[in-house]
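A short worksheet on the structure shown next.
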Amino acid sequence: MQKLEVFGANKLRGQIKISGSKNASLPILAATLLSKKKVYLKNLPKVKDIETMINLLQSLGSKIKFEKKNLVIDNHKQNKKFASYSLVKTMRAGILVLGPLLAKFGNAKVSLPGGCAIGSRPVNIHLDALSRLGVRYKIVQGYIYATAPKGLVGTNINFSKISVGATENLIIAACLAKGTTTLNNCAIEPEIKDLVNFLIKLGCKIKWTAKRSLKILGVEQLNQITYSVMFDRIEAGTYLIAAVVTEGDLKIKNIIPQIIQTEINLLKKIGAKIIMKKNEIRIIGSKKIRNLNIRTAPYPGFPTDLQAQIMVLLCKANKNSLIKEDIFENRFMHVAELNRMGARVSISGNKAFVKGKTTFAPAELMATDLRASVSLILAALSAKGKSVINRIYHLDRGYEHIEKKLRKVGAKIRRIN
Ligand code: UD1
């Protein structure tokens, strides 16, 4: 099994180009199922989750190939409606094929994703909302058997809770439903805006009618298009934090700074110097890191996907901090490992009490999920000496060429078998 060896503590200096967004690419790939015409996608990140989604689409009968820098998806003969456990279990976003399959064929069999390291992660909101469009389903031996006897029929849906995945599944499904669907209490993550922009270009009729409301008019014909996926704001946030953790000086390129304004404001409060340009940010870490109380929240709040990374930074603050995790029930798996490196973080329910003034010490570590893994790298980058991080397959699910990007800016990091 592969490991990462990190020799800290070097200040990171230079520039990092941010890749395309994994979490925008996944629903866009699922949404290509709606169309019989070719779709050309640019800027997909080279990460394991995207490979898994491509495998899932191929298992459903999509013809997919790379042509220059485009991924070309041809679904004109796509005819299978079965998403297997083996593919959905490794990547929960596999559930996103349910909406488009139902919209296209009126029935589908999709594996339940099950839980994962960060919590039980149910799909009840997806299923309740699809039922409102006329879907009947039963769950047998871990599979959702869903049918829409009269096809999908548009209606008014109020999500009981803000869910990124359920909003995406429903937007995609409603694009081919009969009549008009209105979706309220939608997630408004930038990746959802990117999905909507993709679908509009594809020929779908979608309008934002209020901050969290969408109106979708079902259509029958879609276009052949080329679309470039947005930048990965979580990857960008991770490298911004890396700059501050190492007291470095980084230019983060290929981004739209306004999209990560919450993170920028917070890093400024902590003490980082930030210079924004149109498509890049220069961030200069300061020796003194100020403490902060943070809670994770749906966009435009602070993202749960950066909670583990910011914790590393707050461990080094001048005073104590509090982090409240309001999205996932069990997303503090990194804490035990950080404490092994000298952090003093204690957990009570969904709160983490973070003692400041930590000097991280190197250690042999175990990654538990995607964002937890990267937080261990950040801590290791700031610890003087050699750390080893095991189970890095989690990391490969979502960070493109992470060692290469970090090495380019002066980190001593290498992958070993
Ligand atoms: C997406 C992101 C993930 C991010 C999360 C929150 C992708 C591929 N993944 O995950 O990186 O951490 O948003 O920003 O984009 N819930 C229910 N029932 C449901 C669905 C969700 O109770 O049917 C709960 C979840 O357990 C969680 C909360 O709602 O507590 C938010 O989850 P959701 O926004 O749906 O996350 P994902 O779409 O799975």
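Nothing in this text is a laboratory measurement; each read-out follows from the coordinates by a stated rule. Bear in mind the structure is a predicted one, so any value in this text is a computation, not a measurement. Here Cβ is always computed from backbone atoms with ideal geometry, including for glycine, and neighbour counts include all displayed protein chains.
For the reader, a short list of remarks on this structure follows.
- A full extension of the chain between residue 5 and residue 357 corresponds to an added length of 124.2 nm, given 0.36 nm per residue minus the alpha carbon distance.
- Listed by Cβ neighbour count within 10 Å, with the fewest neighbours leading, 334, 126, 76 appear as 76, 126, 334.
- For the chain, the 222 nm mean residue ellipticity estimated from helices alone, with every DSSP H stretch of n ≥ 4 adding -39500 (n - 2.57) and the total spread over all residues, rounds to -9000 deg cm²/dmol.
- Per-residue Cβ neighbour rank within 10 angstrom, fewest leading, 384, 17: 384, 17
- For the chain, the relative contact order works out to 21 percent when only alpha carbon pairs closer than 8 Å and six or more residues apart are counted.
- Angle of helix 164-174 to the longest C-alpha principal axis of the chain, folded into 0 to 90 degrees and rounded to 10: 20°.
- Cα-based shape type of segment 42-133, given that a ≥ b ≥ c are square roots of the gyration tensor eigenvalues and the cut on a/c is 1.5: oblate
- Full extension of the chain between residue 36 and residue 329 yields a length gain of 101.5 nm, computed as 0.36 nm times the residue separation minus the alpha carbon distance.
- Formal net charge of residues neighbouring residue 302 (Cβ-Cβ distance under 15 Å; K, R +1; D, E -1): +3
- Prolate/oblate/rounded label for segment 22-228 (Cα gyration tensor, a/c 1.5): rounded
- Charging the Cβ of each Asp and Glu at -1 and of each Lys and Arg at +1, and nothing else, the dipole of segment 22-228 about its Cα centre rounds to 320 debye.
- Label separation (residue 415 vs residue 184): 4.8 nm, computed from points 7 Å beyond Cα along the C-beta direction.
- Burial order of peptide ranges 369-380, 138-149 (average beta-carbon count within 10 Å, highest first): 369-380, 138-149
- Charge dipole of the chain (Cα centre as origin; +1 on each Lys and Arg Cβ, -1 on each Asp and Glu Cβ, all else neutral): 780 debye, rounded to the nearest 20.
- Stretching the chain fully between residue 278 and residue 136 yields a gain of 46.4 nm (0.36 nm per residue, less the alpha carbon separation).
- For segment 340-366, the residues whose amide N sits under 17 Å from a probe point set 7 Å from the Cα of residue 290 along the beta carbon direction are 356-357.
- Simple spin-label estimate for residue 156 and residue 265 gives 3.2 nm between the two label positions (7 Å along the Cα-to-Cβ direction from each Cα).
- For segment 31-64 versus segment 129-177, the inter-centroid distance based on Cα atoms is 21 Å.
- Going by neighbour counts of Cβ atoms within 10 Å, the residues 105, 302 line up, fewest first, as 105, 302.
- Charge tally for residue 183 (other residues, Cβ to Cβ under 13 Å; Lys, Arg +1; Asp, Glu -1): +3.
- Rounded to the nearest 10 degrees, the angle from helix 233-245 to the longest Cα principal axis of the chain is 0 degrees.
- Measuring nothing but alpha carbons in the chain and taking Rh as the Kirkwood radius, the Rg to Rh ratio lands at 0.98.
- Counting Lys and Arg as +1 and Asp and Glu as -1 over every other residue whose Cβ lies under 13 Å from the Cβ of residue 283, the net charge comes to +4.
- Spin-label pair residue 226/residue 249, simplified geometry with 7 Å Cα→Cβ offset, distance in nm: 3.9 nm
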